[in-house]
Amino acid sequence: MDKESRQPSQSEIIIDIVKSELDANSRISLSKMQELLSAVEFDVTSHGFSDLRELLEQLQEAFLLIETEDSVMVECLGVKVEKPVAEKTQTSTTPAAPAMPADDGSVKYATLPIVKKLINDAGGIIALTNIGQEFSKQGIKMRNGEKLSAFLKQHPELEVVAADGQDYVRMAKKSGAAPQQAVLVPQPTTQKRFVSLYNIADFACFSDYQQTIKELAEMAAEDGWFVLPDANEKSPYFLVNYKFRIAFALAVRKQLAGEDGGFVLRIDSAEFDTGFVTPDGKRIKAYFKLNQQRDNTCWQTWCFERFDIE
């Protein structure tokens, strides 16, 4: 009997990548988490957020940010960390031999056969981020902090292809062979993801969320918001983003209460009133199309299409 498969959620992907580095309290520093995600090229901006902290704050059902005097810790909620069995205390008076540096035999490093096996197990093609997750699960490390993409480029037997907004890895086609089709293989999981009715990032997929917010800011007249003027700001459109998300949540609340929330839903398209207006007072609407090509980076029902003036 066929089992229903589902793409892993953002929080599941992050936890799989960092789980091996969690402490006994299921915590990890924000900077270390960023380092691990960067190593497997998990890009938070492709998920509609300006930085990792903003993403984690949105995924509050899975992560808790804890401020300390010198750092920020992230607690992975509901994740149990198995404590290693404590070594027996040495009772002999003979001095212990000095610890020797770990050699290649004591640490499992990424190798071509390991990647080949992952590709074969996935049906011939696997998402780059999924390789990073599997490495984390199996305790496989990269040499000298090398990035996964740099490792893959060293092996001409492998080929990285782009499809549906993310990179996939497969075996390179042999000379003279017919071109291979990038077939997406779903990664089954038994865990379920909660989808919020009030979160626009759960409602629709944005190919470039920061560019979308920038475009909205350029169309709209300032009304309780402004673009941050400092050139060093990482997210100058922070207030625009904040108002856009609030406007969506309030529109959903009205719609659920039986009022006009400004939504129009069709079989293959949707639209809603953003609450923003142009300098001459015309209302700005967001338009979406049905998402008919889904993967673990774009799983939402709708895809953002454009802003337009009512």
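The values are calculated or read from the model by the stated rules, or taken from the named source; none is laboratory data. Note that the structure is a prediction, hence the values are computed from the model and not measured. Here the Cβ positions follow ideal geometry from the backbone for every residue, glycine too, while neighbour counts run over all protein chains shown. Side chains are part of the model used for accessible areas, which takes the heavy atoms of the whole protein and leaves out ligands, DNA and RNA. Shrake-Rupley method; radii C 1.70, N 1.55, O 1.52, S 1.80 Å.
Do you know which residues across the range 254-280 are assigned to a helix (DSSP H, G or I) and either without any contact (Cβ under 8 Å) to a residue 24 or more places away in the chain or within 27 Å of the chain's Cα centre (by Cα) (or both)?
Just the residues of the range 254-280 that are assigned to a helix (DSSP H, G or I), to begin with: 254-256.
Selection gives 254, 255.
Listed here are the residues, each with its yes/no results for (1) at pLDDT below 90; (2) surrounded by 15 or more Cβ atoms within 10 Å (Cβ to Cβ).
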residue: 201; (1), (2): yes, yes
residue: 204; (1), (2): no, yes
residue: 208; (1), (2): yes, no
residue: 217; (1), (2): no, yes
residue: 259; (1), (2): no, no
residue: 267; (1), (2): no, no
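Would you mind finding the one in 305, 233 that is of a type in the set (D, E, K, R) and within 22 Å of the chain's Cα centre (by Cα)?
Working: 233 fails: within 22 Å of the chain's Cα centre (by Cα).
Result of the check over 305, 233: 305.
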Note on the range 239-253: residues over 25 Å from the mean Cα position of the chain (by Cα) and surrounded by 15 or more Cβ atoms within 10 Å (Cβ to Cβ) are 251
Residues in the range 156-178 that are at pLDDT 70 or above and either farther than 14 Å from residue 131 by Cβ or open to solvent by 40 Å² or more (accessible area, probe 1.4 Å) (or both) total 9
In the range 281-310, residues that are among the basic types (Lys, Arg), part of a loop (DSSP other than H, G, I, E, B) and under 23 Å from residue 162 (Cβ atoms) total 1
Is one or more of the residues making up the range 252-260 in contact with a Pro (Cβ under 9 Å, 6 or more places away or on another chain) and of a type outside the set (A, V, I, L, M, F, W, C)? no
Within the range 219-238, the count of residues that are open to solvent by 20 Å² or more (accessible area, probe 1.4 Å), closer than 13 Å to residue 276 by Cα and either among the basic types (Lys, Arg) or in contact with a strand residue (DSSP E or B) (Cβ under 9 Å, 6 or more places away or on another chain) (or both) comes to 3
The residue that is nearest to residue 14 (Cα to Cα), considering only those in the range 129-146 that are touching a residue at least 12 places away in the same chain (Cβ under 8 Å) and loosely packed, with under 14 Cβ neighbours inside 10 Å, is 137
